[in-house]
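Data block below; observations after.
The values are calculated or read from the model by the stated rules, or taken from the named source; none is laboratory data. Please read these numbers as outputs of a predicted model, since none were measured by experiment. Here the Cβ is made from the backbone with ideal geometry for all residues, glycine too, and neighbour counts use every protein chain on show. For the accessible areas, the whole protein counts, side chains as well, though only heavy atoms, and no ligand, DNA or RNA atoms are used. Shrake-Rupley method; radii C 1.70, N 1.55, O 1.52, S 1.80 Å.
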Amino acid sequence: MLLIQDSEITRTLKDLSIKIFESTGYEFMCRFDFIVTESEEIYFLESNPIPGMMKNSIFPKMLKGHKLSIPGLFIHLSCSSQNISEKKSIFNYIIE
């Protein structure tokens, strides 16, 4: 399914991504993977707080869409991180 930038499903995916990002305590960046069926059902697959940075990876393509380069992103993150307090929570999990 080709997503049009301003389609209803695209806006829904953006809203879901923001809610997931804010509710999980991620900082700076994260890539979220979804599957959208032909009947527009949305399935959340995973989050990736350390997305691939190779030129053909999805994350650099998303940055390019916002006119931001990988070096520009890291400069921005470095400058922003000086205003952030130390993280107080740790998420423990077990993979079975």
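Yes or no, residue by residue, for (1) among the basic types (Lys, Arg); (2) open to solvent by less than 40 Å² (accessible area, probe 1.4 Å):
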{"site": "Lys19", "(1), (2)": "yes, no"}
{"site": "Glu22", "(1), (2)": "no, no"}
{"site": "Glu41", "(1), (2)": "no, no"}
{"site": "Phe44", "(1), (2)": "no, no"}
{"site": "Phe59", "(1), (2)": "no, yes"}
{"site": "Met62", "(1), (2)": "no, no"}
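Residues being surrounded by 12 or more Cβ atoms within 10 Å (Cβ to Cβ), of a type outside the set (Ser, Thr, Tyr) and under 21 Å from Leu77 (Cβ atoms) are entirely absent from the range 2-13. Phe34 falls short on exactly one of the conditions (1) more than 17 Å from the chain's Cα centre (by Cα); (2) at pLDDT 80 or above; (3) aromatic (Phe, Trp, Tyr), and that condition is (1). Selection over the range 26-39 of residues that are part of a loop (DSSP other than H, G, I, E, B) and surrounded by 12 or more Cβ atoms within 10 Å (Cβ to Cβ) gives a count of 5. Out of the residues in the range 51-96 meeting the condition of being among the basic types (Lys, Arg) and part of a loop (DSSP other than H, G, I, E, B), tell me which one is modelled with the highest pLDDT. Within the range 51-96, the match that is modelled with the highest pLDDT is Lys67.
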